[in-house]
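Have a look at the structure below before the remarks.
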Amino acid sequence: MRDSFSKTHPLVSFLFFAAAITFSFLITQPVCVAIGLLCALANALYLNGKKAVSLSLKFLLPASLFIIIINPLVNHRGATVLCYLPWGNPLTLESILYGFVSAAVISSAALWFSSFNAVINSDKIIFLFGKISPALSLILAMALRFIPLFTMRFKETMRAQRQMTRASTSGSKASRKLLARFKAVSGVFSAMIGWSMENAIETSDSMKSRGYGLKGRTAFSLFSFHRSDAAALSVIVSETVALCALLFGGQLKFRYFPSLKGELTGVFPVIFYCVYALLLLTPLIINVSEGIKWKCLRSRI
């Protein structure tokens, strides 16, 4: 499975994810939220494969269910009362629908961030922001690298810990085993916090000794801007501008409280749906078109 979108210029991929994540938080219209969630899932599946499915099942699905259940219990706004809870508060249709929408928004944002981590690495962050703000670019690069590196080191340390110490099985097996596991995890976590702080200090000292952030300092980069990048960038920018014009022009108004009100069909909403879907499917369109082109070139050999 070829990922041609990851090979585009960092500016193209960064602007795409910035637009996708921003719109996923700004737009709460039901149809657009559904489009955003489906497109985010499709891109995450293409880029991450089983990792996206694992993320959806282990984190997003329980978190979404929690939001869907808890929102009607604490949010009692809405004009359409379905019933009254045992403690006397109303259960409204608007709060239930808003719970579904909130869960979908958070899930789509999390999937976009997982795709962002798969495409944007620390080298691209430093390339984009190194000259504008060297300190900020270094912090972002370290933050992107921190979570996967911390997880990998934590698993390695836990495996070593299990090999060195064995939980005693005599006496009260359950209590001793639980206590031993808690002590092992606490010790490993404490060691990992110390290692993370030490690694951050070493990285900053290393970058400072190399003259990172000094005025007039040059840096080598493998990234170059091609015609295909210019075409993709122009499409992303034009679609983003069109969506902003429709969104802030009041063509996509929708409210949940005190009652559901908004236009789901019509000329402008349908145009917005189409442009929004095209924008969010840009990585898949690039990957599929490049895959078809590659197959055509191979068939001519």
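Computed values, structure above
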| read-out | value |
| --- | --- |
| Single unsatisfied condition, residue 255 versus (1) within 28 Å of the chain's Cα centre (by Cα); (2) touching a residue at least 24 places away in the same chain (Cβ under 8 Å) | (2) |
| Scope the stretch 131-140; condition surrounded by fewer than 19 Cβ atoms within 10 Å (Cβ to Cβ) and not basic (Lys, Arg); matching residues | 132, 133, 134, 135, 136, 139, 140 |
| Index of the failed condition, residue 233 passing every other in (1) surrounded by fewer than 16 Cβ atoms within 10 Å (Cβ to Cβ); (2) part of a helix (DSSP H, G or I); (3) of a type outside the set (Ser, Thr, Tyr) | (1) |
| Residues (hydroxyl-bearing (Ser, Thr, Tyr) and either over 17 Å from residue 241 (Cβ atoms) or in contact with a His (Cβ under 9 Å, 6 or more places away or on another chain) (or both)) located in the stretch 1-47 | 4, 6, 8, 13, 24, 28, 46 |
| Some residue of the stretch 71-82 being of a type in the set (Val, Ile, Thr), closer than 17 Å to residue 105 by Cα, in the same structural domain as residue 284 (by TED's automatic domain parsing) and in a helix (DSSP H, G or I) | no |
| Number of the exception - residue 272 against (1) loosely packed, with under 11 Cβ neighbours inside 10 Å; (2) under 30 Å from residue 93 (Cβ atoms); (3) modelled with pLDDT of 85 or more | (1) |
| Selected residue [over 30 Å from residue 136 (Cβ atoms) and either out of contact with any strand residue (DSSP E or B) (no Cβ under 9 Å at 6 or more places or on another chain) or not in a helix (DSSP H, G or I) (or both)] from 208, 215, 295 | 295 |
| Answer residue from the stretch 67-101, given it is aromatic (Phe, Trp, Tyr) and more than 21 Å from residue 29 (Cα to Cα) and is modelled with the highest pLDDT among those | 84 |
| The lone exception for residue 41 - which of (1) hydrophobic (A, V, I, L, M, F, W, C); (2) touching a helix residue (DSSP H, G or I) at 6+ places or on another chain (Cβ under 9 Å); (3) more than 20 Å from residue 273 (Cα to Cα) it fails | (3) |
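One line per residue, one yes/no per condition, for (1) modelled with pLDDT under 85; (2) under 26 Å from residue 27 (Cα atoms); (3) crowded, with 16+ Cβ neighbours inside 10 Å; (4) not assigned by TED's automatic domain parsing to the domain that holds residue 22:
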position	(1), (2), (3), (4)
214	yes, no, no, yes
217	yes, no, no, yes
241	no, yes, no, yes
244	no, yes, no, yes
255	no, yes, no, no
287	no, no, yes, no
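The values are calculated or read from the model by the stated rules, or taken from the named source; none is laboratory data. Just so it is clear, the structure is predicted and the values come from calculations on it, not from any experiment. Ideal geometry is used to build each Cβ from the backbone, glycine not excepted, and the neighbour counts take in all protein chains shown.
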